[in-house]
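First the structure, in the form of structure tokens, and then the observations on it.
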Amino acid sequence: MYNCPMERAYIERLLDVPERSFFLFGPRGVGKTTWLRKMFPGTPFFDLLDSSVYLELSTNPGNLEAMGGDAPEHSWIVIDEIQKIPGLLDEVHRLMETRKWRFALSGSSARKLRRRGTNLLGGRALTRRLDAFSFRELGRDFDMEFSLMWGLLPWVQLDRGNAPDILNSYVHTYIKEEIREEGVVRRLHPFLRFLNVAGQLNGQIVNGQNISREAAVPRSSVDVYFSILVDTLLGYFLPAYRPGVKVREQAHPKFYWFDPGVARAAAGLLFDPVDRVWRSTALETMVYHELRVYNHTRNRNRPIFYYRTGGGVEIDFVVETKKRQHGSPASVVCLEVKAAERWDRRWERAMRSLAGREGIRVERMIGIYGGRRYYRFDGVDVMPVEEFLECLYRGEVF
């Protein structure tokens, strides 16, 4: 069913080039290098995965100026995988000041840069993120069923017939390489056991003690391992929304992998059929991915949460569109995600409950489901997944 690769050799990304120097962070394999080469043709390009370039600049960072040649002021210089030589940022800083060059600096982790005491250029460079393909970028090539099962990594989407093998290699090769480079895991096998458990717990509330027991690793290691996944942009903590202190509300975060296919690979489920619960979580993961991409590329920068009371009433995503101030309540958009083909009105209860609270203004309540019809139930818009994503990128959600 998925044996044919997509027709397009290059997918236009939503990310625009800033006018000033910037860091471009993103997980491995999401197309950072491809995007940089597309956006900066003919620009001095230093790939630190190239052993000769790495050796020269790690030994003699000062050679960067000579390698940039006689580029005039405001010219762009690209350094790919900057985290491999954190000390090179001192030279980048100097050249930004003396030569007025602009730098595009890509990497899959800021952990090494921070650990070396680097200040990420002290605010002189913006931060941008590139993620896996989005619904809007894929356009006519978007296949929801395939994307739920195998994810949105460019390698996977461009070679759909080999999706299981690509994802298997991604977890067992690229993630291992990334972790080794981070240099904070002395023994790889305990981390791999944790990785498997974390894959199975995608989209669930994090309970460190339970994860420690399931993965047979020390409780203290669980926090370190999660921090590695977050720092390498392989996953995100979704914090709990706490609109007030009078109601006992869930405070522990959820953890979502950046891609449903990578989560499936980490869980060891690539070669097994997935059940209904897994498919539902994959849809949540995909919706969260699209919310992040839209939020960043459209410069909305709105915080995203989930909401759950002590009684177990839950809303999958709460987007805070306006912070609470002394004279006005907070404003939010509530999103409930269900993979089912038929909408159950009971799924609206949590959103309606939050809308009835004092001190908070619910701007919209949206149900996202696997069916084909649009419904409007007394203030709740219920949309098929792709219709919701169209509305999102038209700016109609937040």
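Counting the residues of segment 279-314 that are without any contact (Cβ under 8 Å) to a residue 60 or more places away in the chain and buried (at least 22 other Cβ atoms within 10 Å of the Cβ) gives 1.
Filter segment 114-158 down to the residues that are charged (D, E, K, R) and buried (at least 17 other Cβ atoms within 10 Å of the Cβ), then identify the one that is nearest to Ala339 (Cα to Cα).
Let us first name the residues in segment 114-158 that are charged (D, E, K, R), namely 114-116, 124, 128-129, 131, 136-137, 140-141, 143, 145.
Among the residues that remain, those that are also buried (at least 17 other Cβ atoms within 10 Å of the Cβ) are: 128-129, 131, 136-137.
Values: Arg128: 31, Arg129: 28, Asp131: 23, Arg136: 20, Glu137: 22 Å.
Among residues in segment 114-158 that are charged (D, E, K, R) and buried (at least 17 other Cβ atoms within 10 Å of the Cβ), the one nearest to Ala339 (Cα to Cα) is Arg136.
Identification of helices (runs of 4 or more DSSP H) wholly contained in segment 1-117 with 3 or more residues that are modelled with pLDDT of 95 or more yields 32-39, 51-59, 63-67, 88-98.
For segment 383-398, a tally of residues being in a loop (DSSP other than H, G, I, E, B) and touching a strand residue (DSSP E or B) at 6+ places or on another chain (Cβ under 8 Å) returns 2. Can you say whether Gly208 is buried (at least 18 other Cβ atoms within 10 Å of the Cβ) and within 30 Å of Met351 (Cα to Cα), as far as the supplied structure shows? No: the conditions fail for Gly208. For segment 325-334, residues that are free of Cβ contacts under 8 Å to residues at least 60 places away in the same chain and surrounded by 13 or more Cβ atoms within 10 Å (Cβ to Cβ) total 3.
The residues of segment 354-386 that are surrounded by 16 or more Cβ atoms within 10 Å (Cβ to Cβ), more than 15 Å from Leu283 (Cα to Cα) and either in the same structural domain as Ser147 (by TED's automatic domain parsing) or of a type outside the set (A, V, I, L, M, F, W, C) (or both), listed by number, are Arg364, Asp381. Only one of the numbered conditions (1) within 14 Å of the chain's Cα centre (by Cα); (2) surrounded by fewer than 21 Cβ atoms within 10 Å (Cβ to Cβ); (3) under 16 Å from Arg264 (Cα atoms) is violated by Phe237, and that is (3).
Scanning segment 343-398 for residues that are without any contact (Cβ under 8 Å) to a residue 60 or more places away in the chain and farther than 28 Å from Asn299 by Cα yields a count of 20.
Condition first: in contact (Cβ under 8 Å) with a residue 60 or more places away in the chain, assigned to a loop (DSSP other than H, G, I, E, B) and surrounded by fewer than 21 Cβ atoms within 10 Å (Cβ to Cβ). Now tell me which residues in segment 257-278 satisfy that. Correct list: Gly268, Leu269, Leu270, Phe271, Val274.
Restricting attention to segment 65-73, does a residue exist that is surrounded by 21 or more Cβ atoms within 10 Å (Cβ to Cβ), among the hydrophobic types (A, V, I, L, M, F, W, C) and either more than 29 Å from Glu137 (Cβ to Cβ) or under 28 Å from the mean Cα position of the chain (by Cα) (or both)? Spell out the reasoning first.
So the first thing to find is which residues in segment 65-73 are surrounded by 21 or more Cβ atoms within 10 Å (Cβ to Cβ), and the list is none.
Looking through segment 65-73, none of the residues is surrounded by 21 or more Cβ atoms within 10 Å (Cβ to Cβ), among the hydrophobic types (A, V, I, L, M, F, W, C) and either more than 29 Å from Glu137 (Cβ to Cβ) or under 28 Å from the mean Cα position of the chain (by Cα) (or both).
Restricting the first member to segment 67-87 and to residues that are assigned by TED's automatic domain parsing to the domain that holds Arg102, and the second to residues that are of a type in the set (Phe, Trp, Tyr), the beta-carbon pairs closer than 6 Å and six or more apart or on different chains are Ser75/Trp101; Trp76/Phe40; Ile77/Trp101; Ile77/Phe103; Val78/Phe40; Val78/Phe45; Ile79/Phe46.
Screening Ile179 with (1) surrounded by fewer than 17 Cβ atoms within 10 Å (Cβ to Cβ); (2) under 19 Å from the mean Cα position of the chain (by Cα); (3) aliphatic (A, V, I, L, M) gives one miss only, at (1). If only residues of segment 212-229 that are in contact (Cβ under 8 Å) with a residue 12 or more places away in the chain and over 22 Å from the mean Cα position of the chain (by Cα) are counted, the one that is farthest from Lys176 (Cα to Cα) is Glu214. Note on segment 257-273: residues that are out of contact with any Gly (no Cβ under 9 Å at 6 or more places or on another chain) and of a type outside the set (Phe, Trp, Tyr) total 2.
The values are calculated or read from the model by the stated rules, or taken from the named source; none is laboratory data. Only a predicted model underlies this, so the values are computations on that prediction, with no experimental measurement involved. Backbone-built Cβ (ideal geometry, glycine too); neighbour counts: all protein chains shown.
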